[in-house]
1. Just to check I understand the Karplus step: with θ = phi - 60° and J = 6.51 cos²θ - 1.76 cosθ + 1.60, what whole-Hz values come out for segment 77-85, glycine and proline as x?
2. Mind giving me the FRET efficiency for GLU14 and GLU38? R0 is 22 Å, r the Cβ-Cβ distance, nearest 0.05 is fine.
3. For ARG312 paired with ARG116, estimate the spin-label separation in nm (one decimal), with each label point 7 Å from Cα along the Cα-to-Cβ line.
4. How much FRET efficiency would the formula 1/(1 + (r/R0)^6) give for ARG31 and SER270, where r is the Cβ-Cβ distance and R0 is 35 Å, rounded to 0.05?
5. Once the piece of chain linking ARG7 and ARG348 is laid out straight, how much longer is it, given 0.36 nm per residue of separation minus the C-alpha distance between them?
6. For segment 333-340, in order, what is each residue's ³J(HN,Hα) by Karplus, 6.51 cos²θ - 1.76 cosθ + 1.60 with θ = phi - 60°, in whole Hz (x at glycine and Pro)?
7. Carbon-plus-sulfur fraction of the accessible area of segment 161-262, 1.4 Å probe, in percent?
8. So for segment 238-368, what are the equivalent ellipsoid semi-axes in whole Å, largest first, each being the square root of 5 times an eigenvalue of the Cα gyration tensor?
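The values are calculated or read from the model by the stated rules, or taken from the named source; none is laboratory data. Treat the numbers as computed from the prediction; the structure is a model and nothing was measured. Cβ coordinates were reconstructed from backbone atoms using ideal geometry, including for glycine residues, and neighbour counts include every protein chain displayed. What goes into the accessible areas is simple: the full protein's heavy atoms, side chains included, and nothing from ligands, DNA or RNA. Shrake-Rupley method; radii C 1.70, N 1.55, O 1.52, S 1.80 Å.
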Amino acid sequence: MPWKEQRVMSQKLEFVERAAKRGARMSTLCREFGISRETGYKWLNRFKREGAEGLEERSRRPGASPLSTAEDLVAAILKLRESYPRRGPKKLFALLERKFGAATPSVATIARVLRRFGLVRRRSRFPRAVSIVEKAPDVRAMAPNEIWTVDFKGWWKTRDGERCEPLTVRDSFSRFVLTIKVLPSTAMLAVRRTFEALFRKYGIPSAIQCDNGVPFINVQSRGGLTQLSAWWVSLGIRVIRSRPGCPQDNGGHERMHRDMRADLQAFPASSLLAEQRACDRWRVEFNNVRPHEALGGKTPSELYENSERRPRKLKFIYPPEWLVRTATDRGVLNVGGAQLQAGLALVRERVALQPVGGATHRMWFHDLDLGTVDLPVPNIVIDAVSRLHLDRALKPQKGGTQRAK
């Protein structure tokens with residue numbers, strides 16, 4: 001496709017994605033894109049019926065009446081199957097119904113046609129070997145933006161040899177894919193910039209679920225925090241960790257990745273830029289065209305709506321009897337001359353120490369438990385009663401640190 005046509009198609013895809021969202025103002029969008037309302041509705045209706053192919057330029061000559069004969073019916077099924085080779089009779093029925101209404105053949109009829117033309121692949125069934133020794137995260141989203149799931153698809157190479165690392169983010173409740181961002185690596189800075197753009201566009205979720213890979217989690221640090229996940233916590237986002245080596249804990253996201261592997265990875269584009277365009281097109285079609293059986297035949301865009309929570313760093317209020325310190329540029333908490341390691345993920349963040357008995361304290365970052373530490377001051381008994389005198393007892397005096405009596 002020539003560059004000019006690709007640019008026009010990208011604008012059409014952006015238009016239909018925004019127009020398909022709940023509460024979209026068609027008049028405002030049409031003015032923004034410089035098109036008439038008639039053209040806007042034509043693009044949107046074609047996209048809902050035919051997917052991204054419906055946005056391509058076509059002849060103005062009127063075609064024949066749809067499904068006028070049994071041959072036309074079979075041809076319509078086969079053409080749709082050719083466009084979506086991995087969709088079964090139920091999903092094909094939902095797509096055909098949008099175009100043909102009551103004249104749509106039944107799911108059983110569509111299945112018979114596919115079998116007759118050898119378009120049904122039989123799967124081999126093997127018994128599953130399940131070995132789960134830990135309890136999976138007990139999470140279930142009941143509304144949009146309660147949980148976002150995030151992961152890297154796994155890299156592949158474009159035809160010009162560039163490494164493609166697609167970062168994928170989706171809403172767990174609606175299955176709405178928020179982004180597929182083609183990145184050259186899994187470096188934290190690029191991932192954070194992607195999330196900053198998502199938060200500005202969609203708002204922030206209540207929780208984010210991720211695996212234990214970089215840059216989301218560092219299993220060697222307190223609470224598993226990295227600079228990225230600590231930033232999420234500072235915005236009031238709960239971090240949900242899947243178990244190591246258990247992709248089934250984030251099964252819906254992995255299922256989406258299998259679709260991407262079949263539709264995108266199997267047909268690598270010529271460059272990273274072309275790969276990003278292919279991913280954008282796939283995402284818009286996934287959100288606005290593909291019906292989901294788990295959603296009652298609806299598309300993700302019909303259920304998703306933006307979050308009302310805007311991205312801003314929260315100043316978390318700890319209980320007054322807890323000792324609060326700001327981590328240094330080395331991730332250290334200075335407590336009366338003693339130094340406690342909080343981790344580089346918490347540089348310049350406010351961390352609290354909760355007394356639990358004697359010199360033992362529990363470290364907290366917002367509402368995230370970071371484990372226990374012992375203050376290296378053996379001659380001072382620290383408990384809830386003496387908490388108000390702790391700072392004075394540990395404060396260095398002139399001429400050196402003096403031990404409390």
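1. Result, rounded to whole Hz: 5, 5, 5, 5, 5, 5, 6, 10, x.
2. Calculated value: 0.70.
3. Label-label distance for ARG312 and ARG116, simple model: 6.3 nm.
4. Numbers: r = 35 Å, r/R0 = 1.00.
That pair, ARG31 with SER270, gives E of 0.50.
5. Result: 118.4 nm gained on full extension.
6. 9, 8, 10, x, x, 8, 10, 10
7. After summing per-atom areas, the C and S share lands at 49 percent.
8. Calculated on Cα positions only, the semi-axes equal 45, 19, 16 Å.
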